[in-house]
Amino acid sequence: MAQKGFNAYTMAQEQFEKVAEQLELDQTTRNLLRVPMREYHFLIPVRMDDGNIKIFKGFRIQHNDAKGPCKGGIRFHPQETADTVRALAMWMTWKCAVVDIPLGGGKGGVICDPHDLSEREQENLCRGWVRQIARDIGPVRDIPAPDVMTNSQHMLWMMDEYQTIFGGQYPGVITGKPVELGGSLGRPEATGYGLVYMLREALKERDTDIANATASIEGFGNVARYAAELFIEYGGTVVSVSCWDQKDSCAYSYYKGKGIDLEELVKITDRFGAIDKKKAENLGYECRPGKDWLKHEVDILMPNALENSITKENVNDINSSVKLIICGANGPITPEADDVLEKKEVVVIPDFLANAGGVVCSYFEQVQSNQNYYWSKEEVLGKLDDKMTDAFHKVWELAKRKKVRLRDAAYMIAISRVAEACKLRGWI
Amino acid sequence: MNKKTKEKKSTNSLSHYQMDELKERVKELDCLYGLTSIVKDGNLSTGEALQKIIELIPPAWQYPDITCTRITIDDKEYKTNNFKETKWSQVSNIILDDKKIGVLEVYYLEEKPQLGEGPFLIEERRLIDAISDLLGKYIGERRIKEAFAESKTAEKKQDWEVIIDLLIKTDPRTLLRMTRKMTYYLYRHENEKITSLLGRVCPVDKGSSSSQWCGINMPNPRQDLDSLKTIQKQIFEIAKESTPPEEISNLFQNWMKQDKTRPLLLSSQKEGIPLLEITDELNRFFSQNAEETTMASEDNISIKTALIRRFFTNRPEYVNIAKTFIEPEDFVSLLGRTIGPSHGSGKFGGKTSGVFLAEKIIKENMEKNEKLKGISFPRSWYITSDTIFNFIHYNDLDETFQTKYLHPDQIRQEQPFLEQVFKNATFPNEIVEGFRRIIQDLEGKPIIVRSSSLLEDSYGAAFSGKYKSLFVSNTGNEEERLYSLIDAIAEVYASTFGPDPIEYRRERGLLDFSEEMGILIQEVVGIKVGHYYMPVFGGVAFSKNEFQWSPRIQREDGMIRLVPGLGTRAVDRVGNDYPILVSPRKPKLQVNALVSERIQYSPRYMDVINLKSGAIETVDAIDLLKEHADEFPSLNQIISIHKDGRLVNPPSILLNPKESDMVITFSNLFEKSDFLEKMKHILFLLEEKIGTPVDVEFASDGEKLYVLQCRPQSQSRGMERKPIPKNVSQDKKLFSTNKYVTTGQVENIEYIVYVVLEEYANLESREEMQKIATIINELNNKLPKRKFILMGPGRWGSRGDIKLGVPVKYGDINNTSLLVEIAKEKGEYTPELSFGTHFFQDLVEAEIKYLPLYPDESENTFNESLLLHQENQLSHILKNYQNYEHVVRVIKTSDVYSGNSLSVIMDGEAGEALAYLKSPDHWSWRMQKVEEIAEKLDSEVHGVESLYLIGSTKEGTAGPASDIDLLVHFKGTEEQKEKLMAWLDKYGKKLDEENKERTGLKTDGLLDVHIITDEDIKKKDSWATHITSPYMSVKKIPLKKENN
């Protein structure tokens, strides 16, 4: 069926072609990299609670494993399409490559709505999925992880099924496991800390002392909170954070010129990241409309919550003091806004580089699982720092040298690394 | 009591008198029955027999306690222990063969009022004579027997014959009843002789061949039933021939026992019998030795249905069901826990009727159904509905009855004052002492005072939540506790006159009925934790699920709303907290499948009673559970632990409450206890027996599950069922569907926001799709709240792959009244809809309706062109979105058809929903017409002084067939009056025609005119009072002349 309108896969391919053009990749390489190398489409029969059997459709798409075994999530989504999964698998390849970890890109899923399934049915579905694909995944082939509507429980069912089939302990077959059973420490911190490691390096490049830097953060979830924690630890000042207020059904930003006290704010925050408005005001925070977060006179903006947060409509609200924007959320800046920021000479550290801390930590989890030896949190975070710092400098250097945006430089590095690996293997 | 009423014998206590008399008859029968069994007993010597007989006599007299008896025969005396000769005596000679052989004497030990024969009744004379007669015969028989020992007389009389002999002398009415019973009995056994005998006396042949047949609509000729008396003898002879004597004997014994139900039967049939009287009657009957009484099944039915009607409701559906489960004896304990004016005739009201019936049904089925075992009911007390009148009259507050006719604003203004007046008023002593009994009985437990409205019950209107239910902590000394209970009751009474219920009644045309308010008082089920008191959990369960969160859940699967603590938070909708929803038949299909959702939509607060302050408080549930983890029973059933992105059931003993991230999920309650099984059986049993979907409120004290309330689900808030209108023309239908329909109505919609399916699918970037969400958000804030609906492709609130539906969040749509998801076939497949799952529970709590629409399926329609070819209001409402006008269409319903609004009627029971454009309501049309009349009517020519509007058109409640009630203050001549009437008549006919065109309904005399003259006003004619009384509400319509 001819698709009009938006298609994620088409978009991913267009993006690839643009970078391939810049990298002057030959046609063969392009032919290899613009589509997935392997696709598995299979049916999963599941006996439902009422005794009937229902057939579900499952996927696993392995885009490229030249650099190492594929890595990527498993999504449970009722409207899953192969194209979406293809696009996501490709992005995984680039993401692993940009931080230079020895993994390729993959993605999988099942067309289903967990809302319509009991837990037992979901377990059967997970085990069914593994039975269909067991031979083509594994610690040295393809390592799934949680994604949309799947969690650590699903991962454990899958791991258990895999180990049953192969009769051995293979904790490295899957990541996103709980710490008691093959998970890695430092996982909650990974994305937020990774972001700030990169920010620290970027500030060095812009000759700004992080200890004197000020930042405004959108969001107060996991990423935002750990980013703020480390940033403050480095001596920086966060003047504002924002969150969604369920009761008033709108977002608020909380401002304190002297800088927020993370600990006191966390105390008055519920587990969904919503700050208690009254209590915050009592503590001397100014409660403003959510969108105000980007108007503050600060050095750094961290959009860590929503997609399309900075658009052409509000990009001009950004204070001229802002030197750097580091994207914790996925796709927080629209392309038009990106253009405006470039003109304003604001450094934008793109999402796929900035929030790669998560995937690095997944890689560490897999490494630890494979060697059946688990590191301390400090060790995990230390190694994370190395990876992020290194990745940033590679991208920064190229961007500076070629006078391209960081986003483009990051893609160039990622794609060229994958192309190089293919070449070394003699595939092309 | 008996004596008192007898002395005061006045015209209206005639029935009391008859009742007492009847009781005396019963005593006689007891006596006679005893006598016959003694004389029949061959094992007794004459002396023993006579001694037994004298003991039987006093109870048959009016004052058994002060009655003594003596029999003297042949110089031998037999007397009662208390025997003493006094001047108040009744004497009868014992005669044998015309010779006096002895004497029977009855004495009263005290002076008593003068009656028929001194202090004795005429009937007692008859009885004493009958007894001495019997004694004479008995002595005679004995002597013969002694003379011819062992010789048997073939003619020896059966005991029942002896009874008949006695009855002939003493009680012809009872005899007649016995005769009738015997006749029926024989008739039923197809005794030929009786048939022919009856045929002769009372021809039953109604066929046209009968000579007496007078035609189908003519009464049958009357037969002289007195003739039955004449054939009494024959009937018993037939009986004697055809039936063995033992059987007749048994029958007689049985009938005599059954006859003892008569006073109760007659009392129960008495319309509005006073509370005290029927209570006494029930107690008297049931305190008798069970062996001495049997209740004929027809009497049983008559008595219980009468009592059900008397105390519960006249509604045939209820009576029909209740009579299978409620027995007359149940009323003994029920009335023992009833408080009300002793001479009043109040009822219990809907709430009590509901829960009492549920209790009976469940208890009856406990034997058969293992799952129902252990289900409990809180200790309850009942206050009859007339107590409120009693209270109002006692305090001279009668003016409150007029409150309901005041303007709503006025009611609202006066309510706080009224409430204080009520709280400062006093109850009659009799009632206060009743309340004291409640306090004593429920000592140590908090109490809930629930209103139990009669209107709710009789008219099926959902008054739930309209009247107050109040908690009383019931702490302190007895006087303090009594005081706070009285206070709460007065406040509940005052709420009867509150603006909301009155407005609600006005809307439903129930304003003119007096609101009798029964009260149900229950102990609060629960436990003490710290200084708090609360149930471990509570909630409400529905036998039909009106909130299907998955297509796999059917209405029949039911639904439970469950919270920790008092069930109030589950019964009501509370701001930003959520109850746990679960379907008892599909517990595994959770509303919230993802861990994040389960956490987000878990209850965070609980309602508890603070025993220190006596108030209800809302406390942080997790804090309370953590603090009192060790005292809280079944904590493990309530919570899960959030850990590593999963929710795990608590590790029993290893649980460290202070350190754990506890989330209320009730996981273990669902998985490891039989709670859901129990609820399932309760719901479906009650639904089956009551014959309608039910909702049940429940609570648990950690050990037992208590059922607190039960009512038809259609009476629950927001679940009233409305039928789908049938006569809507095709061009006015927007859509109709028959898939996954729940019950609800969305009416008076002014705007339809439609995200055009094709256009949304053609959007080329995520940004554009996000933009649509932004537009929806802004519309949500701009459009009038709850006056618009949202229709759009696929899944509202998509995340990730937002091509599937507009990526809104709950906050972007929270003012809509209905969310429609349209699944249009794309090539081969129909996309699955979200069933609102992204924010399902927010929708439920905000009472936003959800409806999936499958326009490509047969019998489902979607008239999209209605939305595509109207003017798009988008750019009038919001600026800067011209580019998206082809995607988002905002249609004003009044543009489609002038003055119309959109109505969406969803009938889950029938599985149908229809959205259609509705003509301006009947009221506006009528108001317009009234103004026209006032404009056109020449008041001077017709002698009209002024014009008033009353009734439904004035109240704004007019329906399609409602009259327009006009009062015309007329001051002219007869001739003018004739002319006026003719003019109005003609006008009325015109309106009838117009209305028929509008509604298709044929009305006759839509315009209802009442003429009032000055004379009427003087006479206070009922219509005239409308304009003279300050309590009546009329609207004066300005006439032409007044305009000039």
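We did not get these values from a lab; they are worked out from the coordinates using the rules stated. Predicted model only: the values in this text are computed from it and were never measured. Here Cβ is always computed from backbone atoms with ideal geometry, including for glycine, and neighbour counts include all displayed protein chains.
Miscellaneous remarks
- Counting neighbouring Cβ atoms within 10 Å and putting the fewest first, the residues A:ARG206, B:ARG721, A:ARG38 line up as A:ARG206, A:ARG38, B:ARG721.
- Beyond 22 Å in Cα-Cα separation lie the following of the pairs A:LYS54/B:LYS849; B:LYS145/B:LYS240; A:LYS95/A:LYS383; B:LYS445/B:LYS466; A:LYS312/B:LYS787: A:LYS54/B:LYS849; B:LYS145/B:LYS240; B:LYS445/B:LYS466; A:LYS312/B:LYS787.
- A viscosity of 0.692 mPa s and a temperature of 37 °C, combined with the Kirkwood radius over Cα pairs in Stokes-Einstein, give a translational diffusion coefficient for the stretch A:189-354 of 212 µm²/s.
- Kirkwood Rh in Å, taken over chain B so that all alpha-carbon pairs contribute: 35.4
- Axis of helix B:316-325 versus longest Cα principal axis of chain B: the two differ by about 60°, to the nearest ten degrees.
- Efficiency of FRET from Cβ geometry, B:ALA296 and B:GLU111, R₀ 45 Å, rounded to 0.05: 0.65
- Of all DSSP beta bridges in the protein assembly as shown, antiparallel share, percent nearest 5: 75
- At 0.890 mPa s and 25 °C, Stokes diffusion of the stretch B:648-764 via Kirkwood alpha-carbon radius, µm² per second: 123
- Residues with amide H under 5 Å from that of B:ILE639, placed H, sequence gap 5 or more: B:THR665, B:PHE666
- Computed helical MRE - 222 nm, chain B, DSSP H runs ≥ 4 contributing -39500 (n - 2.57), nearest 500: -12500 deg cm²/dmol
- Likely footprinting exposure, B:SER946, B:SER45, fewest C-beta neighbours within 10 Å first: B:SER45, B:SER946
- Approximating the spin labels as points 7 Å out from Cα along Cα→Cβ, the B:HIS869-to-A:LYS423 distance works out to 6.4 nm.
- Averaging Cα coordinates gives a centre for the stretch B:781-804 and one for the stretch A:383-426; these two points are 41 Å apart.
- Angle of helix B:46-60 to the longest C-alpha principal axis of chain B, folded into 0 to 90 degrees and rounded to 10: 40°.
- Model label points for B:ASN883 and B:GLU720, set 7 angstrom from Cα along the Cα-to-Cβ axis, are 4.7 nm apart.
- Calculated on the alpha-carbon coordinates, the convex hull of chain A measures out at 158 cubic angstrom per residue.
- The stretch B:561-608 and the stretch A:1-55: distance between their alpha carbon centers, rounded to Å: 40
- Within the stretch B:627-689, trypsin sites (Lys or Arg not before Pro) in DSSP loop having at most 14 other beta-carbon neighbours inside 10 Å: B:LYS658
- Each label was represented as a point 7 Å from its Cα along the Cα-to-Cβ direction; for B:GLU758 and B:ARG142 these points are 11.3 nm apart.
- Here's the list of lysines a cross-link from B:LYS52 could span, going by alpha-carbon distance under 16 Å and ignoring same-chain residues fewer than 8 apart: B:LYS40, B:LYS76, B:LYS79.
- Cα-based convex hull volume of the stretch B:922-1043 per residue, rounded to whole Å³: 97
- Subset of B:LYS468/B:LYS704; B:LYS270/B:LYS304; A:LYS71/A:LYS403; B:LYS732/B:LYS803; B:LYS929/B:LYS1020 violating a 20 Å alpha-carbon distance limit: B:LYS468/B:LYS704; A:LYS71/A:LYS403; B:LYS732/B:LYS803; B:LYS929/B:LYS1020
- Legend: ranking of residues B:LYS979, A:LYS247 from fewest to most surrounding C-beta atoms inside 10 Å; resulting order A:LYS247, B:LYS979.
- Folded to 0 to 90 degrees: helix B:159-170 orientation relative to chain B principal axis, Cα: 90
- Sparsely packed loop sites in the stretch A:49-130 (the trypsin sites (Lys or Arg not before Pro) outside DSSP H, G, I, E and B with at most 15 other Cβ atoms within 10 Å) do not occur.
- The residues packed around B:ASP895, meaning those with a beta-carbon under 13 Å from its beta-carbon, carry a net charge of 0 if Lys and Arg are +1 and Asp and Glu are -1.
- The loop-placed GluC sites (Glu not before Pro) in the stretch B:605-668, going by DSSP, that have at most 16 neighbouring Cβ atoms within 10 Å of their Cβ come out as B:GLU631, B:GLU659.
- Antiparallel content of DSSP bridges confined to chain A, in %, to 5: 55
- Computed over neighbours whose Cβ is under 13 Å from that of A:LYS277, the net charge equals -2, Lys and Arg +1, Asp and Glu -1.
- Overall form of the stretch B:730-918 per C-alpha gyration tensor (a/c, 1.5; a/b vs b/c): rounded
- Translational diffusion of the stretch B:527-713, µm² s⁻¹ [Kirkwood Rh, Cα pairs; Stokes-Einstein; 37 °C; 0.692 mPa s]: 196
- Partners for A:LYS278 among lysines (Cα-Cα distance below 17 Å; same-chain residues under 8 apart left out): A:LYS247, A:LYS256, A:LYS267
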